[in-house]
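Here is the structure we will look at.
The values are calculated or read from the model by the stated rules, or taken from the named source; none is laboratory data. These numbers come from a predicted model, not from an experiment. Cβ placement follows ideal geometry from the backbone for every residue including glycine, while neighbour counts extend to all protein chains displayed. Note: areas computed on protein heavy atoms with side chains; ligands, DNA, RNA excluded. Shrake-Rupley method; radii C 1.70, N 1.55, O 1.52, S 1.80 Å.
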Amino acid sequence: MNKKVIMNVESVYTANSFLSGGRRYVAAGSETTSEVYLYDMQSGTSELVGGCPGGVMSFVPVPGHPDLFYSIMALFPGFVGQEAGVFKHRRTAAGWKTERCMHLPFAHRCDVITVGGENYLFAVSVSKFKSEPADWSNASEIYVCKLDPDTGEPGEARLVDNSIFRNHGMLKVLKDGVETLMVSGAEGIFSIEMTECGEWHLHRVFDHEVSEFGFVDFDGDGVDEMVTIEPFHGENFVIYKMIAGQWQQIHHGELSFGHGLSCGMLNGEAIAVVGNRRDSLALRKVHLEDASNWKFVEEDIELGVGPTQTQVFEFDGKDYILSADQKKNQVVLYSE
């Protein structure tokens, strides 16, 4: 597999590719330092996003506002995150303006979904409070802000839920044609859905503890399989298929501190990509070889890289695997 290092970022954690203003970008940020960069896929150049504290967990665009982004920052290794929160980043002719817009201790993930033509910013913590890294006695918090359609500025933050422990995974999906945010934790996987009266509620779609998850149609029958890391930062890589209305396991693999799961299409083939943050520190690709007996092939793309986040995406007619290779301090694009 071909490898292209597009950025060097010390202790890189976040790597996220997205479209904004008609251009394809890769955002990358450090878990420890103030390094946050925005890489332009068209020009092959990157720019430093100024004013960031480090501890970057998420960096996402705002639809309709090509120079506005939100992030989770100040959550540092070992879950040192009492000062974590949501940060707003606006690109101007004079440079970047970065400011905190929401204090959320132990904030971990954020994303923006568009429902009914309105943008909503969700921010989620791993726990309301942690006295030390092993303290998981408190549930997480999920907040939502409606963004102003003209400025993209956040409105009042509203608490959506505070019942999920070890809230770690977040994924934006299309459900019945509607952008929907999903989260995972000790109680399973949940979709966050808006009611007809404009309230948000959680709907549980899976009842086992899950660290991260993804969906892709491995066998081409038109129905996505579900891929998980279990339990929190776990050692189990599991693929499920919906059979007779129930998720049934069709594959199990082993991980070491599983992290950075993503799913997508690579040259017409459905794949899952996952990282190991201990032992082999391998970036791994998984695909279905034989659907008649659910034989999957697990292939290590590269050893010793310790991926923290991955993403499968397409740009200019070519498919890529994006990986934050933390042990190499590199943001990498892999392709065939």
**Report entry** Filter result for Ile243 (of a type outside the set (Asp, Glu), out of contact with any Pro (no Cβ under 8 Å at 6 or more places or on another chain) and buried (at least 17 other Cβ atoms within 10 Å of the Cβ))
**Finding:** no
Report task. Please verify whether segment 90-109 includes one or more residues that are closer than 24 Å to Thr180 by Cα and in contact with a Phe, Trp or Tyr (Cβ under 6 Å, 6 or more places away or on another chain). Result -> no
Query raised in the report: Residues in segment 112-132 that are open to solvent by less than 30 Å² (accessible area, probe 1.4 Å) and within 22 Å of Tyr13 (Cα to Cα): how many?
Result: 9
Query - Candidate set from segment 38-93 (those that are small (Gly, Ala, Ser), surrounded by fewer than 17 Cβ atoms within 10 Å (Cβ to Cβ) and closer than 19 Å to Ser11 by Cβ); member that is nearest to the chain's Cα centre (by Cα) - result: Gly78
Report task. Taking Ile189 as meeting all but one of (1) part of a loop (DSSP other than H, G, I, E, B); (2) out of contact with any Cys (no Cβ under 8 Å at 6 or more places or on another chain), write down the number of the exception. Result -> (1)
Query raised in the report: Of Gly152, Gly117, which residue is farther than 14 Å from Phe232 by Cβ, of a type outside the set (D, E, K, R) and free of Cβ contacts under 8 Å to residues at least 60 places away in the same chain?
Result: Gly117
Query - Residue among Asp135, Asp217, Asp176, Asp150 that is within 23 Å of Ala270 (Cβ to Cβ), acidic (Asp, Glu), at pLDDT 95 or above and surrounded by fewer than 17 Cβ atoms within 10 Å (Cβ to Cβ) - result: Asp217
Report task. Look at segment 220-246 and say how many of its residues are outside any strand (DSSP E or B) and over 22 Å from Asp176 (Cβ atoms). Result -> 5
Report task. Please tell me if Val238 is under 22 Å from Asn8 (Cβ atoms), open to solvent by less than 20 Å² (accessible area, probe 1.4 Å) and among the β-branched types (Val, Ile, Thr). Result -> no
Query raised in the report: in contact (Cβ under 8 Å) with a residue 12 or more places away in the chain, part of a strand (DSSP E or B) and surrounded by 19 or more Cβ atoms within 10 Å (Cβ to Cβ), is that true of Leu261?
Result: yes
Query - Given (1) buried (at least 16 other Cβ atoms within 10 Å of the Cβ); (2) among the charged types (D, E, K, R); (3) on the phi < 0 side of the Ramachandran plot, index of the condition Glu156 fails - result: (1)
Report task. Pull up segment 265-318, narrow it to residues that are touching a Gly at 6+ places or on another chain (Cβ under 9 Å) and at positive phi, then point me to the one that is most open to solvent (accessible area, probe 1.4 Å). Result -> Leu281
Query raised in the report: For segment 1-37, what are the residues that are assigned to a loop (DSSP other than H, G, I, E, B) and either within 20 Å of the chain's Cα centre (by Cα) or within 28 Å of Val80 (Cβ to Cβ) (or both)?
Result: Val9, Glu10, Ser11, Glu31, Thr32, Thr33, Ser34, Glu35
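Conditions tested, residue by residue: (1) farther than 17 Å from Leu322 by Cβ; (2) not charged (D, E, K, R).
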| site | (1), (2) |
| --- | --- |
| Met226 | yes, yes |
| Pro231 | yes, yes |
| Glu235 | yes, no |
| Ile239 | yes, yes |
| Met242 | yes, yes |
| Trp247 | yes, yes |
| Gly260 | no, yes |
| Cys263 | no, yes |
| Asn267 | no, yes |
